[in-house]
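Enquirer: Supplied in structure tokens, the structure appears directly below.
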Amino acid sequence: MAELIIMPKLGFNMNEGKLVQWYKGEGDSIKKGEPLFSVETDKTNMDIEATDDGVVRKLFINEGDTIPVTLPIAIVGSADEDIASMEADALAQLGADAPAAVDAAAEAEAPKAAAPKAKEPSGSAYDYEIAVIGGGPGGYVAAIKAAQMGKKTVIIEKEHMGGTCLNIGCIPTKALLRSVEALKELKESASFGVIDVDTSKAALDLKKVQERKKNVVSQLVGGVQGLLKGNGVTIENGEGVLKDSHTIEVGGKTITVENVIIATGSDVKNLPIEIDPAAKVLTSKEMLDIEEAPESMVVIGGGVIGIEFAYFLSTIGVKVSVVEFLDRILPMVDEEITIQVTGHLTEMGVDIYTSAKVTEITDKAVKFEKDGKQQEVGAQQVLMAVGRAPRLDGIDTEALGIKTERGAIVTDNTLKTSVDNIYAIGDVNGKAMLAHTASMEGIVAVENICGEKAAMDYNKIPSAIYLQPEIASVGLTEKQAIEKYGKVNVGKFPMLANGKAKVAGEERGLIKVIAEPKYGEIVGVHMYCIHATDMISEAVVAMRLESTAEEVAMSIHPHPTVSEAIHEAMHAVSGRAIHF
Amino acid sequence: MKYLKMPESDVYYNLALEEYLFDHYKDEDLLLLWKNHDSIVVGKYQNVYQEVNIKQVEESGIPVARRNTGGGTVFHDKGNLNYSFITDHDPKTFSDYEPFVEPVIRALGSLGVSAEKRNKSDIAIQGKKISGNAQTIKGGRILHHGTLLFDADLESLGDALRPGSGVFSSKAVESIRSQVTNIKDYLREATIDQLETCLLKAYFGDEKPQPLALSDAELEEVSLLREAKYITWEWNYGRSPEFSFQKTGWAGGSKVAVELHVKKGLIAACGICCDEDLEQKIDSQCAQRLLVGIPYSYTAVYEFFSQTMRRDLAAALTDCFF
């Protein structure tokens with residue numbers, strides 16, 4: 001009976017294996033216990049032996065191919081057996097995964113085939129068609145897109161793939177917040193009927209939180225590297241220095257490129273004030289690595305980063321004070337939501353000072369000016385979260401003739417800079433400093449390089465803030481909409497009228513939809529509720545398709561879900577919510 | 001459990017000895033400690049040409065050796081301590097580095113160094129790699145070995161492991177570059193011998209380690225294995241998986257685009273593209289045909305070109321091939 005040999009799953013975590021060596025060829029005999037092939041994965045290589053005597057009838061993959069575990073790789077049986085149907089099944093399974101057909105005859109022909117035509121030097125004389133400097137969410141997405149569109153691509157990254165987002169931004173912050181969520185759920189579990197658990201002592205072991213975070217980050221970074229390699233992008237490690245519009249120096253090498261995409265990201269900003277060297281001032285980077293909670297913390301900056309950390313610290317028992325320069329925290333979100341969030345944080349014990357200008361940081365306190373008076377708030381540590389500034393390391397914009405404005409590279413909505421073959425995406429162009437903006441900009445830039453017409457629309461970029469409950473918004477706030485259109489139609493729906501929110505036990509918040517008066521087109525959606533960050537995409541799509549609130553209201557939203565609140569808010573725009 | 005401190009520092013001999021012990025001593029647990037003279041050691045399924053600077057390696061004469069385990073390329077010198085552990089393979093596990101790496105971390109701990117396992121198979125101190133590990137499993141036995149950068153010359157390491165600026169395409173296993181550091185930098189005062197002693201203590205505990213001694217006949221077999229396999233060009237270079245190479249460079253005032261297909265270390269197909277002037281001088285059409293079958297070696301390609309043109313042009317042209 002012929003045996004179908006598969007790529008073995010040798011370990012729990014093994015998802016794919018690289019077939020590094022065939023010990024036998026098609027037509028060779030093999031004895032039980034003789035090694036048939038060798039597999040390598042994660043630097044471990046193992047010989048796999050034949051389980052029975054037989055003849056190797058068919059090999060489905062080549063040496064060097066990597067294939068997911070359990071897929072067929074060979075058939076071993078007796079010399080004269082009919083293996084046609086087993087072979088057909090196997091090929092069907094391999095389907096899209098089948099590497100180039102193993103054709104022994106064709107293999108032998110290869111060396112005699114016409115010498116490969118080297119590329120003509122004049123014309124595509126460059127080492128690469130597209131070079132991406134920076135491997136964050138803007139850079140790596142651009143590189144993958146470029147490779148998919150058939151361009152010879154190189155990506156240059158001096159630290160870790162995934163950039164700030166994966167390593168010292170979005171992902172680690174959310175990992176920390178997830179741990180806090182777990183603690184919160186545990187502490188509230190009694191109200192859901194959980195007994196015999198002493199939650200009074202429950203706390204977060206920050207060292208373990210960090211371990212989980214590091215694990216998540218390294219898996220994602222590895223994933224990005226895998227994607228880049230899998231798409232055939234060349235990776236260069238080191239700081240890329242743009243010598244001229246077609247030359248980049250990295251790691252001692254010089255490479256020539258046809259098009260450049262600058263994706264070097266941004267750095268934390270610091271306030272130009274006096275800071276006592278003995279004061280313990282952290283930026284978000286150090287905050288993400290904390291293993292011991294301080295007793296008290298002053299957070300300078302009431303934007304997304306500042307508020308997320310304020311929430312995190314307050315939940316683990318730190319006394320937090322927030323000092324914000326503008327007249328409210330979270331200025332990008334609708335005013336009504338800011339008021340509710342401010343209330344929630346104040347309930348948690350966070351002190352919030354708005355319209356406050358920080359003047360000095362001593363080793364014991366943060367001094368600020370508010371309502372014409374000098375005030376100060378004491379704290380053990382200080383978190384500086386006043387924003388980020390574009391990073392231009394390795395890019396001498398003046399020498400290269402790249403126009404900048406207030407430290408950011410100037411781009412049009414195709415991401416082109418003032419130099420024809422140079423594009424700039426992500427935080428470095430300072431337009432909307434969010435990872436998803438960078439990724440979309442990367443795709444638009446590459447499409448333009450490839451001759452397709454594509455442009456960025458900066459009016460429909462969602463933002464997401466990960467407190468509990470979450471905040472998400474896209475488009476104009478009510479105030480901005482009134483300024484633009486005069487009168488607007490607003491539909492609101494409070495979460496305490498939503499069944500699923502009640503079942504979940506988190507009824508805080510509301511959903512607010514703003515529509516312009518002429519066509520009823522949705523111009524802004526703001527959510528403060530559980531699952532907000534996962535639900536905002538519906539609003540983004542609706543706005544992109546220029547939908548009216550009416551049209552969304554005519555789309556059935558499943559019950560029971562929190563998204564019904566969006567549905568109701570859409571009805572409410574024309575004054576006809578059913579459940580409120 | 002027995003242990004052997006390998007007496008020689010010839011990388012080819014030591015790899016042969018390790019393989020011999022792995023294949024023949026099936027009933028005991030073995031711990032081997034060894035150091036090599038300056039050498040570069042590539043993983044079993046790697047493409048040597050993609051991992052090292054061939055020109056530099058040929059000019060400096062530094063030995064390149066291919067080992068029997070998977071993984072990437074490492075640089076050995078007297079400041080690097082290698083350890084190998086041979087034991088039965090538990091069929092329920094695969095690619096499990098923890099039990100092998102843990103005693104090493106303990107040994108370092110006893111010297112006052114706080115090290116941690118990183119990226120599945122590395123050991124690092126404060127995020128910088130000091131030990132790379134690899135394994136091979138055969139016939140129910142597992143060989144796990146690793147390097148320990150005690151006091152290695154990290155500068156030379158960087159230089160030798162940097163190939164030129166061409167583009168390689170192959171299905172070979174690629175190395176993962178990491179930031180490296182030396183263990184010695186984290187100790188107040190210690191020698192590589194003390195590290196050895198601590199490793200023995202971590203593996204043997206309070207038992208006196210039993211040394212392993214091979215007979216003359218066995219040692220003879222090891223020498224033969226070294227001659228027949230480890231020292232051969234066929235094993236070290238020829239075993240590289242087939243690959244393509246592309247590079248654009250300059251020679252004789254013209255841009256030169258080279259495309260090669262290399263199989264078993266020999267040039268299997270070659271394409272040279274340059275402007276007309278240079279094409280006349282070097283007869284690139286003819287060169288393309290004649291280069292087939294020549295080893296993909298800097299020396300060999302340079303010799304080939306210097307037969308028909310000035311040395312400086314031959315050198316510039318050869319540079320386009322690597």
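Enquirer: Which members of region B:29-59 meet the condition of being more than 14 Å from chain A (Cβ to nearest Cβ) and free of Cβ contacts under 8 Å to residues at least 40 places away in the same chain?
Expert: B:SER39
Enquirer: Moving on. Hey, could you check region A:16-45 for residues that are away from chain B (no Cβ under 13 Å) and in a strand (DSSP E or B) and say which is most open to solvent (accessible area, probe 1.4 Å)?
Expert: Selected residue: A:SER29.
Enquirer: Looking at (1) away from chain B (no Cβ under 14 Å); (2) modelled with pLDDT of 85 or more; (3) open to solvent by 50 Å² or more (accessible area, probe 1.4 Å), can you tell me which one A:GLN93 breaks?
Expert: Here A:GLN93 meets the rest and fails (2).
Enquirer: Quickly run through region A:305-344 and pick out the residues that are among the acidic types (Asp, Glu) and part of a loop (DSSP other than H, G, I, E, B).
Expert: A:GLU324, A:ASP327, A:ASP334
Enquirer: Further question: Checking A:THR346 against (1) out of contact with any helix residue (DSSP H, G or I) (no Cβ under 9 Å at 6 or more places or on another chain); (2) touching a residue at least 12 places away in the same chain (Cβ under 8 Å); (3) surrounded by fewer than 21 Cβ atoms within 10 Å (Cβ to Cβ), only one condition comes out false. Which one?
Expert: (2)
Enquirer: Separate question: Yes or no: A:LYS487 open to solvent by 20 Å² or more (accessible area, probe 1.4 Å) and part of a loop (DSSP other than H, G, I, E, B)?
Expert: Yes; evaluated as a whole, the condition is true for this residue.
Enquirer: Name the one entry in B:ALA268, B:ALA251, B:ALA228 that is free of Cβ contacts under 8 Å to residues at least 60 places away in the same chain and buried (at least 17 other Cβ atoms within 10 Å of the Cβ).
Expert: B:ALA268
Enquirer: Here is a further query. Only residues that are of a type outside the set (S, T, N, Q) and open to solvent by 10 Å² or more (accessible area, probe 1.4 Å): list them for region B:80-96, please.
Expert: Within region B:80-96, B:PHE85, B:ASP88, B:HIS89, B:ASP90, B:PRO91, B:LYS92, B:PHE94, B:ASP96 qualify.
Enquirer: For region B:177-199, which positions are in a helix (DSSP H, G or I) and either within 14 Å of another protein chain (Cβ to nearest Cβ) or open to solvent by less than 30 Å² (accessible area, probe 1.4 Å) (or both)? Break it down stepwise before answering.
Expert: So the first thing to find is which residues in region B:177-199 are in a helix (DSSP H, G or I), and the list is B:183-186, B:192-199.
If the condition is that a residue be in a helix (DSSP H, G or I) and either within 14 Å of another protein chain (Cβ to nearest Cβ) or open to solvent by less than 30 Å² (accessible area, probe 1.4 Å) (or both), then B:ILE183, B:ILE192, B:LEU195, B:GLU196, B:CYS198, B:LEU199 are the ones that fit.
Enquirer: Answer yes or no: is there a residue in region B:97-117 that is open to solvent by 10 Å² or more (accessible area, probe 1.4 Å), at the interface with chain A (Cβ under 10 Å from one of its Cβ atoms) and without any contact (Cβ under 8 Å) to a residue 24 or more places away in the chain.
Expert: Among the residues of region B:97-117, not one is open to solvent by 10 Å² or more (accessible area, probe 1.4 Å), at the interface with chain A (Cβ under 10 Å from one of its Cβ atoms) and without any contact (Cβ under 8 Å) to a residue 24 or more places away in the chain, which makes the answer no.
Enquirer: Further question: Quick one: B:ARG66 ticks every box in (1) surrounded by fewer than 18 Cβ atoms within 10 Å (Cβ to Cβ); (2) modelled with pLDDT of 90 or more except a single one, so which number is it?
Expert: Answer for B:ARG66: the failing condition is (1).
Enquirer: Out of all the residues in region A:379-392, is one or more part of a strand (DSSP E or B) and either open to solvent by 50 Å² or more (accessible area, probe 1.4 Å) or without any contact (Cβ under 8 Å) to a residue 40 or more places away in the chain (or both)? Don't jump to the end; show me each part of the working.
Expert: Just the residues of region A:379-392 that are part of a strand (DSSP E or B), to begin with: A:381-384, A:388-390.
Cutting the leftovers down to either open to solvent by 50 Å² or more (accessible area, probe 1.4 Å) or without any contact (Cβ under 8 Å) to a residue 40 or more places away in the chain (or both) gives us none.
No, region A:379-392 contains no residue that is part of a strand (DSSP E or B) and either open to solvent by 50 Å² or more (accessible area, probe 1.4 Å) or without any contact (Cβ under 8 Å) to a residue 40 or more places away in the chain (or both).
Enquirer: Go through region A:11-28 residue by residue and tally those that are free of Cβ contacts under 8 Å to residues at least 40 places away in the same chain and either within 20 Å of B:PHE22 (Cβ to Cβ) or of a type in the set (Gly, Ala, Ser) (or both). If you could, list the steps in order and put the result at the bottom.
Expert: First pass over region A:11-28, keeping only residues free of Cβ contacts under 8 Å to residues at least 40 places away in the same chain: A:11-13, A:23-24, A:27-28.
Filter again for either within 20 Å of B:PHE22 (Cβ to Cβ) or of a type in the set (Gly, Ala, Ser) (or both), leaving A:11, A:23, A:27.
Looking only at that region, the number is 3.
Enquirer: Check whether at least one residue in region A:418-431 is without any contact (Cβ under 8 Å) to a residue 24 or more places away in the chain, surrounded by 22 or more Cβ atoms within 10 Å (Cβ to Cβ) and in the same structural domain as A:GLY162 (by TED's automatic domain parsing), and report yes or no.
Expert: No, region A:418-431 contains no residue that is without any contact (Cβ under 8 Å) to a residue 24 or more places away in the chain, surrounded by 22 or more Cβ atoms within 10 Å (Cβ to Cβ) and in the same structural domain as A:GLY162 (by TED's automatic domain parsing).
Enquirer: Separate question: Which ones in region B:121-160 are within 11 Å of chain A (Cβ to nearest Cβ), under 21 Å from A:GLY251 (Cα atoms) and open to solvent by less than 40 Å² (accessible area, probe 1.4 Å)?
Expert: B:GLY127, B:GLY158
Enquirer: To continue, here is another question. Could you please find all residues in region A:52-80 being under 22 Å from A:PHE12 (Cβ atoms) and either within 14 Å of chain B (Cβ to nearest Cβ) or in a strand (DSSP E or B) (or both)? Steps first, please.
Expert: Going through region A:52-80, the residues under 22 Å from A:PHE12 (Cβ atoms) turn out to be A:66-73.
Result: A:THR66, A:ILE67, A:PRO68, A:VAL69, A:PRO72, A:ILE73.
Enquirer: Filter region B:14-53 down to residues that are of a type in the set (Ser, Thr, Tyr) and over 14 Å from B:ASN236 (Cβ atoms) and give me whichever is least open to solvent (accessible area, probe 1.4 Å).
Expert: B:TYR20
Enquirer: Which one is surrounded by the fewest Cβ atoms within 10 Å (Cβ to Cβ) among residues in region A:149-197 that are part of a helix (DSSP H, G or I) and in contact with a Pro (Cβ under 9 Å, 6 or more places away or on another chain)? Spell out how you get there, then give the answer.
Expert: Start the filter on region A:149-197 by keeping residues that are part of a helix (DSSP H, G or I), which leaves A:163-168, A:170-192.
Narrowing further to those that are in contact with a Pro (Cβ under 9 Å, 6 or more places away or on another chain): A:163-166, A:170.
Values: A:GLY163: 29, A:THR164: 28, A:CYS165: 24, A:LEU166: 24, A:CYS170: 19.
The extreme case among them is A:CYS170.
Enquirer: Identify, by number, the condition in (1) closer than 28 Å to B:VAL64 by Cα; (2) at pLDDT 90 or above that B:SER215 doesn't meet.
Expert: (1)
Enquirer: State all residues of region B:271-286 that are open to solvent by 30 Å² or more (accessible area, probe 1.4 Å) and within 10 Å of chain A (Cβ to nearest Cβ); if no residue qualifies, say none.
Expert: B:ASP275, B:GLN285
Enquirer: Across region A:451-484, which residue is nearest to A:LEU345 (Cα to Cα) among those that are outside any strand (DSSP E or B) and of a type in the set (Ser, Thr, Tyr)?
Expert: A:TYR466
Enquirer: Give me the residue from region B:163-176 that is over 22 Å from A:ASP65 (Cα atoms) and out of contact with any helix residue (DSSP H, G or I) (no Cβ under 8 Å at 6 or more places or on another chain) and, out of that set, surrounded by the fewest Cβ atoms within 10 Å (Cβ to Cβ).
Expert: Per the criteria, the residue is B:SER165.
The values are calculated or read from the model by the stated rules, or taken from the named source; none is laboratory data. Note that the structure is predicted; figures quoted are calculated from it, not measured. Note that we place each Cβ from the backbone using ideal geometry, even for glycine, and neighbour counts take in every protein chain shown. What goes into the accessible areas is simple: the full protein's heavy atoms, side chains included, and nothing from ligands, DNA or RNA. Shrake-Rupley method; radii C 1.70, N 1.55, O 1.52, S 1.80 Å.
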